[in-house]
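First comes the structure, then the notes that go with it.
The values are calculated or read from the model by the stated rules, or taken from the named source; none is laboratory data. In this text, all values refer to a predicted model and were calculated from it rather than measured experimentally. As a convention, Cβ positions derive from the backbone with ideal geometry for all residues, glycine included, and neighbour counts pool all protein chains shown. Ligands, DNA and RNA are stripped out before the accessible areas are found, and what is left, the full protein with its side chains, is counted by its heavy atoms. Shrake-Rupley method; radii C 1.70, N 1.55, O 1.52, S 1.80 Å.
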Amino acid sequence: MYRTKTNGELRIANVGEAVTLAGWVQRTRKMGGMTFVDLRDRYGITQIVFNNEIDADLCEHANRLGREFVVQITGTVAERSSKNSKMPTGDIEVIAKELNILSESITPPFTIEDNTDGGDDLRMKYRYLDLRRNSVRRNMELRHQMAILIRNFLDSKDFLEVETPILIGSTPEGARDFVVPSRMNPGQFYALPQSPQTLKQLLMVAGFDRYFQIAKCFRDEDLRADRQPEFTQIDCEMSFVDQDDVLAIFEDLARHLFKEVRGVDLPAKLQQMTWHDAMRRFGSDKPDLRFGMEFVELMDTMKKGKFGVFDTAAYIGGICVPGCANYTRKQLDQLTDFVKKPQIGAKGLVYVKYNKDGTAKSSIDKFYTPEDLQELKEKMGAKDGDLVLILSGDNANKTRIQLCALRLEMGDQLGLRDKDKFECLWIVDFPLFEWSDEEQRLMATHHPFTMPCPDDIPLLDTHPEQVRAQAYDFVCNGIEVGGGSLRIHDTKLQEKMFKLLGFTPERAEAQFGFLINAFKYGAPPHAGLAFGFDRLVSIMAGLDSIRDCIAFPKNNSGRDVMLDAPSVLEPGQLDELFLKTDLTRINEDAKK
RNA sequence: GGUGCGUUAGUUCAGUUGGUUAGAAUGCCUGCCUGUCACGCAGGAGGUCGCUGGUUCGAGUCCUGUACGCACCGCCA
């Protein structure tokens, strides 16, 4: 019994049965009097046989076929005389009786194979061909499967899916908005939502209790492998819940997804790590817990020696890299170059090798006694054969971020960032505010509607930078996959937040008046969370970039190279919108 | 806004110290081949070395600028 595609319907065909298959020509093999055609559709490949001795005209017709021709073939399912164990349909073939060329194809610019010869750029330009490839199509199938699982899960928990508008108003806080001119309101612009944040809060005021949406979001910021200008969030909001309720239900969702998609059992209760601990132990608010090498703070230990660099350091920290005492001078120099790269910006790297024979060799032997190094060894929990790497700097936070980059690099070098291993955790107790040097004011770490921790509310007036937020991130394998918070539903507290963030009452009213007003009519306590759907899919699929699970992604410059978008408008279109483009600034930059 | 790497045949890449007619694989075309399945064999076509300016007797190779691509920093409430 073999699965085939017949007249658009899946069915099971038996040997000897007549079938009609339609699809694309993967390749042909001409053997003189015989021609074999590998016919591909969404479900796989079936070998078609044309035989000169059975039907010479038909065989001649088949010899015209080229790669990616679309054909319909009627024939008989037959058992193969020589089977091919490498392909799922390898023990049958279809002996062709009729061949109908539905569409011809010019030679594709790259091979439609699992291991294509096409580069990323070319694949994106011809994405419709790229999507024919198994590996890419499978990512789309996984995305579909996960969307179904998520919808069904949230539906079973009484979440109501509501679509919120794509054309909304601009909010200067946070990321840059994409804007859309309004023809009927000359000189005015819509903005595309960075997230449906305020709208879902209004749905809570509306009494919808539990909302979700698989929502397109838009941010006009620079791109990365894990950042697209338009992306998809699993956007959720709940009323009458506290933080534990939210975390419980969404780690249930995560547990369900990992089990159904990957067969992986996440722990019954996910670890919760405070932001402060995450920064102290891993130098990151999204630590990769697939491996150890936790930071050890070494201020007391290292300041004993005579190494001048450490005298003025505000932070000295080390990681213990297991089994790497045999690193060569060249490898250590490369690590030093790595931390000195401009993106990382460390001044230098101190290493201590604890050799297998019990001796120690370090870059700071001149300044420390063997006893000092022994004390360091104990402090680091290092064993013979381990390598200790130490960074220092006069800015504790920056140095921790540098040490984080080094830790991840060592994790990569030792192959510890295994794509089939999943370590998920919650980061909690984020600071409510961050100081912005650029704007010379406090900025909301999460967003301006985030509820402070109740214990810290008195600090709002005295030490706002110390106030913790009831905000949480879902982190998997060092990637921020989701985040959310309890929201402020009290008008007075919200006004205070706006004031601390430097909003005048007039500006707050102009931008968020609709929300403040709504809260005057009985707002339930509410909280929510959003998962980055693209990131979640790419983690499950083991992809390096979220582009690979997006049907038609944008490139690094935010361009769709297939559609050649964005593009200039016809003069008439601009006119209708009362718009003029002024490219003089670009030309001036070009002259310089 | 910044840093790094890259740009050579349809495609993926190699190209030594600057030196004759720029190579390989694959794809494509032609012919042969009745059990192939990455079929095989023989032959063939295919290049403005991203663009620009410079150094040089001579530039794919060195230098300036620029465009594009990728990764990253800044940015992403």
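Note on chain A: with charges restricted to the Cβ of Lys and Arg (+1) and Asp and Glu (-1), its dipole about the Cα centre is near 1220 debye. Once the Kirkwood radius over Cα pairs is known for segment A:475-592, the Stokes-Einstein relation at 25 °C and 0.890 mPa s delivers a diffusion coefficient of 125 µm²/s.
These residues, A:His489, A:His144, go from largest to smallest accessible area, 1.4 Å probe, as A:His144, A:His489.
Subtracting the Cα-Cα distance of A:Asn326 and A:Thr359 from 0.36 nm times their residue separation leaves 10.7 nm of extension gain. Could you tell me what percent of the accessible area of chain A is made up of carbon and sulfur, with a 1.4 Å probe and every protein chain present? Roughly 50 percent of what the probe reaches on chain A is carbon or sulfur. Ranked by solvent-accessible area (1.4 Å probe, protein heavy atoms only, all chains present), the residues A:Met293, A:Met184, A:Met443 order from largest to smallest as A:Met184, A:Met443, A:Met293. A probe of 1.4 angstrom, applied to the heavy atoms of all protein chains, finds A:Ile488 with accessible area near 0 square angstrom.
Only DSSP H runs of four or more residues enter the estimate; each adds -39500 (n - 2.57), and after division by the residues of chain A the mean residue ellipticity at 222 nm equals -8500 deg cm²/dmol.
Cα-based radius of gyration for segment A:103-208, normalised by 2.2 N^0.38 Å, reads 1.61. With 5 Å bins beginning at zero, the pair-distance distribution over Cα atoms of segment A:149-224 amounts to 3, 14, 20, 18, 17, 13, 9, 3, 1, 0 %. Pairs from the list A:Lys200/A:Lys520; A:Lys330/A:Lys353; A:Lys341/A:Lys383; A:Lys304/A:Lys383; A:Lys200/A:Lys259 with a Cα-Cα gap above 24 Å: A:Lys341/A:Lys383; A:Lys200/A:Lys259. Taken as Cα centroids, segment A:543-568 and segment A:89-128 sit 22 Å apart, rounded to the nearest whole angstrom.
Straight-line reach from A:Lys83: taking Cα to Cα under 19 Å and skipping same-chain neighbours fewer than 8 places apart, the lysines in range are A:Lys30.
For segment A:265-342 versus segment A:476-503, the inter-centroid distance based on Cα atoms is 30 Å. For A:Asp337, the accessible surface of its heavy atoms amounts to roughly 100 Å² (probe 1.4 Å, protein chains only, rounded to the nearest 10). A 1.4 Å probe run over the protein chains yields, for segment A:67-220, 53 Å² of accessible area per residue, whole-number rounding. A simple rule links phi to the HN-Hα coupling: the Karplus curve 6.51 cos²θ - 1.76 cosθ + 1.60 with θ = phi - 60°, which for segment A:465-476 gives 5, 8, 6, 8, 9, 8, 10, 8, 10, 9, 10, 10 Hz, with x for Gly and Pro. Look at the Cα gyration tensor of chain A: its axes a ≥ b ≥ c give a/c of at least 1.5 with a/b at or below b/c, and that counts as oblate.
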